[in-house]
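The block underneath contains the structure these notes are about, expressed in structure tokens.
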Amino acid sequence: MIAVVEALPPDTAPARIDITPLLRIIVPVVLLLSWWGATALHPGGLISSPQEVGTALWDLAFGGINDDAFSEMLLPDLIASAGRVYGAFLLAAALALPLGMLIGRLRIVKEMLEPTLQVLRPVPVTAWLPLSMIMFGIGPKSAFFLVALGSFYPILINTIFAVRSVEPRLFEAAQMLGVSPARLFTKVVLPASLPGMFTGLRLGLGLAWVVIVVGEMTGVQTGLGAMIMDARQLSRTEIVIAGMAIIGVAGYLSDYAVLALGRRLLAWSPQHG
Amino acid sequence: MVEPILRAINTGKIYPGGIEALRNANLDIAPGEFVCLIGASGCGKSTLLRMIAGFETVTSGQIVVRGRPVTGPGPDRGMVFQDYGLFPWLTIRKNIAFGPIARGKPKAEALATADRFVSMMGLDRFADSYPHQLSGGMKQRVAIGRVLANDAQVALMDEPFGALDAMTRERLQEELLTIWRATGLSVVFVTHSLEEAIYLADRVVVMSPGPGRIVAGERIMLDRPRDVSSPEFNDIRRHLASLLHADHAREAA
């Protein structure tokens, strides 16, 4: 038997310097310096230097430097992409959450749908691109479909797993307290599987940001993906890298917001609270 | 004699696959009686308890609660599990209000009931905490509180203190007796500690494995609070130990 010892108070040793910010900044600084060093050693190489990318970012945001097709396009493109990312993500969630609950809890639905989904799942979003353009035409609908598709599976798989792995003890507890079998789903399954579903949503939204560039290869005019594709055709590598950086930061901020939301809503869960 | 609140009549359980977990068990529990089931693992004590709760079907005989055969789990028989079985997404207060709400009480009334039992179990400071923030002993208090708040007539307890440290265990035993005396609850308590059984029970039912069955029932006539180190306590302990071990000896022979 383990004796219960009162937890010791948090480290009360004399104030130490918090090195967390330092730890977090080391890798980015090293990467940036290596990038700068490498481009400085090969002037006129194909990869743009950090300074060129910085200038491109400024021009994308505020214009006034190049005054070309890319100037001042950051905000419109970001809004277009974010609209597709969140729209497609919500569509994917609206389909994947109920479907996952049905597959996870009803044997008949599982047997009917799971084999098909397991075969479709490994097909990458890029492979769907040509078919998607035939089905939905060249343009935003096609992009929307591809992003939704990319975000669909992680939500689905995590929802199935979450509703399937509810602790059996909780069903017994609810029943002995007077919950009828018909109400076990809303009283036990749903709340118990929220953390798992949340993980699926977080992964799904992350993947939507990953897939947005592929999605916007479908011939749409706006969006960060479209911007990167245009820049690539014009060999404007500094714009390509600036676009990559913008997607990275946008995806990070989006995930940070979702995580903060999860911490609020799932305070009861030791994994989230 | 008073009408038993709970009866197991020639109750047996054979699992699919042919394993006989319990054979021909007969047990009457009087209203307000505290009965401990004790025996080695495989003696069917947990199976019997789970059949009373309605979590397992009876394959022969029947179990009757207040005149009605048990067909499934119900709030008249509240269960306290060794692993607590609290709802992690609900605060302590709402865990205790869960039963009354599930049975259709208005929310405000259910929460008021819950507050009474939160206080009774000494959990006021933790009313708005979540289960993962509590120690094992605290969690078990919540589990007992939610059964009481739900107006259960019989409390079924499956080694409820088995996972707790010795000091917490003794405190909870004491509290359980106090609550039992105050409420007139009937208790069926499964344990594998002879000392715990003799300390708590009006009657100790000894069970034995292969197949699981009831081999003896001993009424404990000691006055409460009982002194576990008294000679009388030890006499009973020796006697019950011999009943438990007699069976092992025969098994080995």
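Quick grid of which residues meet (1) within 14 Å of chain B (Cβ to nearest Cβ); (2) in contact with a helix residue (DSSP H, G or I) (Cβ under 6 Å, 6 or more places away or on another chain); (3) buried (at least 24 other Cβ atoms within 10 Å of the Cβ); (4) modelled with pLDDT under 95:
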| site | (1), (2), (3), (4) |
| --- | --- |
| A:Lys141 | no, no, no, yes |
| A:Leu156 | no, yes, yes, no |
| A:Pro168 | yes, no, no, no |
| A:Leu177 | yes, yes, yes, no |
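What single numbered condition from (1) within 14 Å of chain B (Cβ to nearest Cβ); (2) touching a residue at least 60 places away in the same chain (Cβ under 8 Å) fails to hold for A:Val188?
(2)
With the structure loaded, tell me whether A:Leu259 is buried (at least 18 other Cβ atoms within 10 Å of the Cβ), hydrophobic (A, V, I, L, M, F, W, C) and within 14 Å of the chain's Cα centre (by Cα) or whether it fails that test.
When the stated conditions are applied, A:Leu259 does not pass them.
What's the number of the only condition in (1) among the hydrophobic types (A, V, I, L, M, F, W, C); (2) surrounded by fewer than 22 Cβ atoms within 10 Å (Cβ to Cβ); (3) touching a residue at least 40 places away in the same chain (Cβ under 8 Å) that B:Phe55 fails to meet?
Condition not satisfied by B:Phe55: (3).
Pick from region B:73-119 the residues that are in contact with a Ser or Thr (Cβ under 9 Å, 6 or more places away or on another chain) and not in a helix (DSSP H, G or I): which of them is farthest from the other protein chains (Cβ to nearest Cβ)?
B:Lys105
So, in region B:68-116, exactly how many residues are β-branched (Val, Ile, Thr) and free of Cβ contacts under 8 Å to residues at least 12 places away in the same chain?
1
What's the number of the condition A:Val123 fails, among (1) without any contact (Cβ under 8 Å) to a residue 24 or more places away in the chain; (2) within 21 Å of A:Gly248 (Cβ to Cβ)?
Among (1) without any contact (Cβ under 8 Å) to a residue 24 or more places away in the chain; (2) within 21 Å of A:Gly248 (Cβ to Cβ), the lone unmet condition for A:Val123 is (2).
Would it be correct to say that B:Met51 is within 30 Å of A:Ser193 (Cα to Cα), within 14 Å of chain A (Cβ to nearest Cβ), modelled with pLDDT of 95 or more and part of a strand (DSSP E or B)?
no
Between A:Leu97, A:Leu102, A:Leu129, A:Leu75, which is in a helix (DSSP H, G or I), at pLDDT below 95 and of a type outside the set (S, T, N, Q)?
A:Leu129
Would you mind listing the strands (runs of 3 or more DSSP E) fully within region B:130-234 where at least 3 residues are within 14 Å of the chain's Cα centre (by Cα)?
By residue number, B:154-158, B:186-191, B:203-208.
Considering only region A:156-175, I want to know if a residue exists there that is over 28 Å from the mean Cα position of the chain (by Cα) and part of a loop (DSSP other than H, G, I, E, B).
yes
Considering region A:191-240 alone, what residues qualify as being surrounded by fewer than 21 Cβ atoms within 10 Å (Cβ to Cβ) and not in a helix (DSSP H, G or I)?
Across region A:191-240, the qualifying residues are A:Met217, A:Gly219, A:Gln221, A:Thr222, A:Leu234, A:Ser235.
Taking A:Val30 as meeting all but one of (1) within 14 Å of another protein chain (Cβ to nearest Cβ); (2) at pLDDT 95 or above, write down the number of the exception.
Unmet condition: (1).
Hey, could you check region B:58-70 for residues that are at pLDDT 95 or above and in a loop (DSSP other than H, G, I, E, B) and say which is farthest from the other protein chains (Cβ to nearest Cβ)?
The extreme case among them is B:Thr59.
Across region B:130-141, what is the number of residues that are more than 11 Å from chain A (Cβ to nearest Cβ) and of a type in the set (A, V, I, L, M, F, W, C)?
The total comes to 1.
The values are calculated or read from the model by the stated rules, or taken from the named source; none is laboratory data. Predicted model, so just to flag it, every value in this text is computed and none were measured. We place every Cβ from the backbone using ideal geometry, glycine too, and count neighbours over all the protein chains shown.
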